[in-house]
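One structure below.
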Amino acid sequence: MDRDKPKWMPDNSIITKCIAMAKQSLLDHGIHILGPNAITRLCVTQPHLHKKGVMFTSFIISLALSELLNVEFLWTSDSDSIVYKDTLKMTTETIAGDDKCAGASTALAIHNRNETFITKLGNTVFLNELHLSRCFSSSVGANDCQSGPCAVFRIQALRPELLAWYKQTVWGHWMVSFSICPPSNGFHTRSQYL
């Protein structure tokens, strides 16, 4: 879609068009978001070539739903994540009081970390790498807020960054895996340790 746009068309116009297409797709498939026949769960599928494509589509659908339902925050988690009862509430509260905070991600725990010596070692390595990587980015005023395992995003901050994140290149090569993308437009992110 971006390749065919006129040079004068801003990214926000492309996102607006994608959201309109998502809303139309919901209508075309008879999916009701409000009213007596409203759904409470939605599984989005599509042919895709990479995780970034799936995430982009999911974010667009989420933006469409947030407009229809007047939702301020978007929660994301991987399908293999076990999310504790208070995790959504605690993580959302981390950013809710700060209008300039774009998102927060939680720390993870390996559920079988105490089963064997190898799982204990794996857990130790994972947590050390997680904390070390967050320390480096924090030292320059950024924080990686990865959408994978458990994260919450402010819809207002996500929308203007989404297409730039999707089109992101490194040394002229398109990035097709999620990478650290410090928020701009005056927003920042936080980590929540549960």
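The values are calculated or read from the model by the stated rules, or taken from the named source; none is laboratory data. Keep in mind that this is a model prediction, so the values were computed, not measured. A quick note on method: Cβ atoms are made from the backbone with ideal geometry, for glycine too, and the neighbour counts reach across all protein chains shown.
Within the bounds of segment 116-132, is there any residue that is at pLDDT 85 or above, exposed (fewer than 11 other Cβ atoms within 10 Å of the Cβ) and outside any helix (DSSP H, G or I)?
Yes: segment 116-132 contains one or more residues that are at pLDDT 85 or above, exposed (fewer than 11 other Cβ atoms within 10 Å of the Cβ) and outside any helix (DSSP H, G or I).
Please list, ordered by first then second residue, the pairs with beta carbon atoms under 6 Å, 6 or more apart or interchain, first in segment 161-180 and under 24 Å from Cys101 (Cα atoms) and surrounded by 13 or more Cβ atoms within 10 Å (Cβ to Cβ), second among the aliphatic types (A, V, I, L, M) and modelled with pLDDT under 75.
Qualifying pairs under 6 Å: Gln168/Met175.
Could you check how many residues of segment 98-115 are buried (at least 16 other Cβ atoms within 10 Å of the Cβ), out of contact with any Pro (no Cβ under 6 Å at 6 or more places or on another chain) and small (Gly, Ala, Ser)?
3
Answer yes or no: is there a residue in segment 139-153 that is of a type in the set (Val, Ile, Thr), modelled with pLDDT of 80 or more and surrounded by 14 or more Cβ atoms within 10 Å (Cβ to Cβ).
So far as segment 139-153 goes, yes, one or more of its residues are of a type in the set (Val, Ile, Thr), modelled with pLDDT of 80 or more and surrounded by 14 or more Cβ atoms within 10 Å (Cβ to Cβ).
Return yes or no: is Glu115 closer than 11 Å to Val152 by Cα and among the charged types (D, E, K, R)?
When the stated conditions are applied, Glu115 does not pass them.
For Thr106, only one of the following conditions fails: (1) in contact (Cβ under 8 Å) with a residue 12 or more places away in the chain; (2) over 16 Å from the mean Cα position of the chain (by Cα). What is its number?
(2)
Please give the number of the condition Asp78 fails out of (1) modelled with pLDDT of 90 or more; (2) among the acidic types (Asp, Glu); (3) closer than 24 Å to Leu158 by Cβ.
The number of the failed condition is (1).
Would you mention how many residues in segment 109-135 are charged (D, E, K, R) and in contact (Cβ under 8 Å) with a residue 24 or more places away in the chain?
Number satisfying all stated conditions: 1.
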